[in-house]
Every structure is written in C-alpha cells, then in structure tokens.
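One structure below.
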Amino acid sequence: GNSVTQMEGPVTLSEEAFLTINCTYTATGYPSLFWYVQYPGEGLQLLLKATKADDKGSNKGFEATYRKETTSFHLEKGSVQVSDSAVYFCALGHPQGGSEKLVFGKGTKLTVNP
Amino acid sequence: NAGVTQTPKFRILKIGQSMTLQCTQDMNHNYMYWYRQDPGMGLKLIYYSVGAGITDKGEVPNGYNVSRSTTEDFPLRLELAAPSQTSVYFCASSYRQDGYTFGSGTRLTVV
C-alpha cells in the first residue's frame, strides 16, 4: 500500500541555518505530494504541494521537488527563523473514488533557536 | 470565512461514556475526513465522506461512527469510550486534489 517515511526528529537548528527534512514515499501510479506544517496547539496547514514528477512546490521560503526516480520529496529552506519552529508532515495523496485520501508521515519536530 | 470548525476543543470522558465531535465547513467542499493524531504516530484516517449521504471507513474505524446528512456537517460519534481513544482528533475537508483544510482539533482524554 501507499506509505510515507520521513526523517526522525526532533531537529534543532540555530536561526539562519539551512534546513533539510527528508521524505520518501511508496505508491503505485502518480500520487500528489504535500508538506503540511503544524504550529503548537493548532491544526495542520498546507505548506506546499507538487502534483507530478519534477514539479517544485514552494511557499514562505520552503521548497520541495517531486523526484520520481528516487521517490522523494525533501523539504528545504535556506535560512530558518525562530517562527519556523513547528512539526512538519510529509503526505501522499492518491485519488480514489473521486476523493483524495492523504497518507501522512509521522512528523518531524523542528526547533529553531535564536 | 471560518473554514473548518471543530467543537469542543477539549473534553474529558469517563470509560463507557459516549460523545459526538462536531465538524462544520463553510467552503462547500464535497470531501470531508476525520483523523486521529497520536504522539509520534502521525495521523490515521478514521472515516471519510465524498458527499452528503456517503461515508466510508478509513484505516482505524473501530469504535467510531459518522454521518453526513449535509454538505457542511460531518460529526464523529464515539459510543463507548475507551482509554485507547485518548487522542487529538482532526476534521478536514477538501476540493478535489487541492489539499486539505484542517480544523484546529479536539483533544480528548478518556479516563
């Protein structure tokens, strides 16, 4: 079945450091890929997405490229801020019966220190 | 726009009690979902709905029931609460493949 594996956390960085959170997936066909962010005490928010191979999703300085050859969708940011501290979830979406049920990774907690 | 609204935000139940978690969306999305989030375990799909009158089981449906009488509302029912149902519950809605909009969650503790 479809599954997502993302790097274990927690990740602790200093402000302005480079961020990479790895995500790989297993799926049949051509799924959509997503990154969601969850700030403390809140629900998940869509951060970025990509719907086909070689697509690059980007938002708020974050980027991720859909790599079908390596089945990966790694999240990157060149210079993190304290406000980026949150839990990040990689997710895979596969249309079934008209809806798109998402399968989520376990989440990676990021803490950015000043 | 309110988006997806969940109530209550917090609840403590005793073993064997029942309750309904409410979820309402005002975006006219056809698709709605219930997930539970356990610490370190990501999100697991409980039930989902592709439109009014249509629901289906997800990965972890046991102990829960849902109904979808209108496009806007998708309540989740716990009939006999058990400690294993202690979790944070998220409702979400979507339009085709545009990604989900999540509610802010209900934190449930069963004691």
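Before moving on, here are some points about what is shown:
- Some residue of the stretch B:71-81 being assigned to a loop (DSSP other than H, G, I, E, B), within 21 Å of B:Gly99 (Cβ to Cβ), open to solvent by 60 Å² or more (accessible area, probe 1.4 Å) and not polar (S, T, N, Q): yes
- Scanning the stretch A:32-41 for residues that are assigned to a loop (DSSP other than H, G, I, E, B) and at the interface with chain B (Cβ under 10 Å from one of its Cβ atoms) turns up just one, A:Gly41.
- Every residue from the stretch B:38-60 that is open to solvent by 30 Å² or more (accessible area, probe 1.4 Å), closer than 16 Å to A:Val103 by Cα and touching a residue at least 12 places away in the same chain (Cβ under 8 Å): B:Asp38, B:Lys44, B:Glu59, B:Val60
- For B:Arg11, the conditions (1) surrounded by fewer than 16 Cβ atoms within 10 Å (Cβ to Cβ); (2) at pLDDT 95 or above are fulfilled apart from (1).
- Residue within the stretch B:22-29 that is modelled with pLDDT of 95 or more and either facing chain A (nearest Cβ under 9 Å) or more than 30 Å from A:Thr51 (Cβ to Cβ) (or both) present: yes
- One residue from A:Leu46, A:Leu92 being in contact with a Pro (Cβ under 9 Å, 6 or more places away or on another chain) and within 14 Å of chain B (Cβ to nearest Cβ): A:Leu92
- Exactly one residue out of B:Tyr95, B:Tyr100 is open to solvent by less than 30 Å² (accessible area, probe 1.4 Å) and either charged (D, E, K, R) or within 14 Å of another protein chain (Cβ to nearest Cβ) (or both): that is B:Tyr100.
- Selection from the stretch A:1-20 of residues that are among the β-branched types (Val, Ile, Thr), open to solvent by 30 Å² or more (accessible area, probe 1.4 Å) and touching a Gly at 6+ places or on another chain (Cβ under 8 Å): A:Thr5
- Tally, over the stretch A:21-33, of residues that are surrounded by fewer than 17 Cβ atoms within 10 Å (Cβ to Cβ) and more than 10 Å from the chain's Cα centre (by Cα): 4
- A:Glu76 vs. criteria on the phi > 0 side of the Ramachandran plot and open to solvent by 20 Å² or more (accessible area, probe 1.4 Å): no
- Any chance A:Thr70 is in contact (Cβ under 8 Å) with a residue 40 or more places away in the chain, part of a strand (DSSP E or B) and surrounded by fewer than 17 Cβ atoms within 10 Å (Cβ to Cβ): no
- Residue list for the stretch A:79-97, filter: of a type in the set (S, T, N, Q) and buried (at least 16 other Cβ atoms within 10 Å of the Cβ): A:Ser85
- Residue-level check: of (1) in a loop (DSSP other than H, G, I, E, B); (2) at pLDDT 95 or above; (3) within 11 Å of chain A (Cβ to nearest Cβ), B:Gln6 misses just (1).
The values are calculated or read from the model by the stated rules, or taken from the named source; none is laboratory data. Note that the coordinates shown come from a computational prediction; the quantities given were computed from them, not determined experimentally. With ideal geometry, Cβ positions are generated from the backbone for all residues, glycine too; neighbour counts draw on all protein chains shown. With ligands, DNA and RNA removed, areas are computed over all heavy atoms of the protein, side chains included. Shrake-Rupley method; radii C 1.70, N 1.55, O 1.52, S 1.80 Å.
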